[in-house]
Structures are given as C-alpha cells and as structure tokens.
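Asker: So that we are looking at the same thing, I have put the structure below in structure tokens.
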Amino acid sequence: MIAELRSKSQITIPKPLIDMLGLSKGDKLEIFEDNGMICIMPVAVYPKGYVDKILADVKSIKKAVAEGRQPVFDNVDDLIESLEGDEQ
C-alpha cells in the first residue's frame, strides 16, 4: 500500500491496516525511525500517577519476595490452587 505525504507532513493510513489492527479515532501511535524505515506502532498512554503506583507495587512485591513474605509459585496452576484454598 502506498500513502502520500501531504501538506503539514500528514499521511493517511490505509483503511485495511486500520481495520486489521483494530485502531480507532483517538488511538495514540508512536512514530520512529528504524534503519531507514518509518515505523508506526500503536501505544497505550497512562497517567504518570497510575504508572508510579504500579512501579511502587512491584517494588513492594519484590521486597516481600526477597524477605520471604510473598509466596512464589512455579506455575499458574499452583497459584490458582493456592487462591482456591484461600476461599474455603
């Protein structure tokens, strides 16, 4: 598919690509150069406070694991079994 660079450096992404990727109006796209190619990648943008909260939670969990206060499971089945046991 060929797109034409128009005034104000604008291009139109062909509809088949929009449909194939499930994109819609308002979606955010990162545009970058890679080895001479122009790449466009859909991205999710989150508020900084939300990301900071997730990072703090991960840091807390890593600390709990290091201190032996957070259980670690070898696989998802063991995790689910443990969770099911908590419900009883």
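Asker: What is the angle, in °, between the Cα long axis of helix 48-66 and the longest principal axis of the Cα atoms in the chain? Nearest 10 is fine, range 0 to 90.
Answerer: Computed tilt is about 30 degrees.
Asker: Cα extents of the chain along the three principal axes, largest first, in whole Å?
Answerer: Computed over the Cα atoms, the extents are 62, 27, 25 Å.
Asker: Straight distance only, please: which aspartates and glutamates reach the Cα of Lys28 with their own Cα at less than 17 Å, same-chain residues fewer than 8 apart left out?
Answerer: Within the straight-line cut-off, Lys28 pairs with Asp19.
Asker: Still on this structure: Looking at region 20-83, which trypsin sites (Lys or Arg not before Pro) are DSSP coil and have at most 13 other C-beta atoms within 10 Å of their C-beta?
Answerer: Lys25, Arg69
Asker: Of Leu55, Met20, Gly36, which is farthest along the charge dipole of the chain in the positive direction, counting Lys and Arg as +1 and Asp and Glu as -1 at C-beta?
Answerer: Projecting each Cα onto the dipole axis, the largest value belongs to Gly36.
Asker: A further question follows. Name the most mobile residue of Gly68, Gly36, Gly22, meaning the one with the largest mean-square fluctuation, in a Gaussian network model of the chain with Cα contacts below 10 Å.
Answerer: Its mean-square fluctuation being the largest, the pick is Gly36.
Asker: Filter the GluC sites (Glu not before Pro) in the chain down to the DSSP loop ones having no more than 15 other Cβ atoms within 10 Å, then list what survives. Present the calculation step by step, with values, prior to reporting the outcome.
Answerer: Working: sites: Glu4, Glu30, Glu33, Glu67, Glu81, Glu84, Glu87; in loops: Glu4, Glu67.
When the GluC sites (Glu not before Pro) of the chain are filtered for loop state and at most 15 Cβ neighbours within 10 Å, Glu4, Glu67 remain.
None of the figures in this text is laboratory data; all of them are computed from the coordinates on show. Computed from a predicted structure; not experimentally measured. Cβ: placed from backbone, ideal geometry, glycine included. Neighbour counts: every protein chain shown.
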